[in-house]
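Peer 1: Please see the structure below; I have some questions.
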């Protein structure tokens, strides 16, 4: 089966179940939920990204194409996950969007210094959140398509 040009793989790194549900719902509404993997903490996210532990059977080249990363995570926090992604030559070009409730200026500055593509504050209501995800989807699709050229 041939991969569709507009199909993207998204790694959603989020520990809050309500936010996972809202994000997946918004991705479905934007028709971007084709292949979404959810990691509930930093350890699971790094395992998926670097094909370790439960994900040892994956190949690093098989994605993800876009990472939605919460900064406030259990086990290993989102900042360390971001450091490891952007500090590794094999993964540093993967677009990372911080999708978090942290409004702390130091988190914003730190994230951009590490090379995050966008920093989006989670809106509290579904419609605002859905609009943010739709915009993000278009952004992710453009990045995905331009990297395949």
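The values are calculated or read from the model by the stated rules, or taken from the named source; none is laboratory data. Quantities reported herein were computed from a predicted structural model and do not represent experimental measurements. Methodologically, a virtual Cβ is constructed for each residue, glycine included, from the backbone with ideal geometry; neighbour enumeration extends over all protein chains shown.
Peer 1: Would you be able to tell me the number of residues in region 68-91 that are surrounded by fewer than 24 Cβ atoms within 10 Å (Cβ to Cβ), closer than 13 Å to residue 44 by Cβ and touching a residue at least 40 places away in the same chain (Cβ under 8 Å)?
Peer 2: Number of matching residues: 1.
Peer 1: Another question, then. Which members of region 36-88 meet the condition of being in a loop (DSSP other than H, G, I, E, B), more than 14 Å from residue 116 (Cβ to Cβ) and in contact with a strand residue (DSSP E or B) (Cβ under 7 Å, 6 or more places away or on another chain)?
Peer 2: Passing the criteria: 63, 64, 65, 72, 73.
Peer 1: Additional query: Which of the following residues is within 15 Å of the chain's Cα centre (by Cα) and modelled with pLDDT of 80 or more: 143, 136, 99?
Peer 2: Checking each option against the conditions leaves just 99.
Peer 1: Within 23 Å of residue 127 (Cβ to Cβ), in a helix (DSSP H, G or I) and modelled with pLDDT under 95: does that describe residue 18? Working first, answer last.
Peer 2: Working: within 23 Å of residue 127 (Cβ to Cβ): yes; in a helix (DSSP H, G or I): yes; modelled with pLDDT under 95: yes.
Yes: the conditions hold for residue 18.
Peer 1: Next up: Sort out which residues of region 36-67 are over 19 Å from residue 93 (Cβ atoms) and within 15 Å of the chain's Cα centre (by Cα), and write them in order of number.
Peer 2: Initial filter on region 36-67 (over 19 Å from residue 93 (Cβ atoms)): 36, 38-44, 47, 52-57.
36, 38, 39, 40, 41, 42, 43, 44, 47, listed by residue number.
Peer 1: Would you be able to tell me the number of residues in region 102-133 that are assigned to a helix (DSSP H, G or I) and modelled with pLDDT under 75?
Peer 2: Narrowing region 102-133 to residues assigned to a helix (DSSP H, G or I): 105-114, 126-133.
Now narrow it down to the ones that are modelled with pLDDT under 75: 126, 128-133.
Total meeting the criteria: 7.
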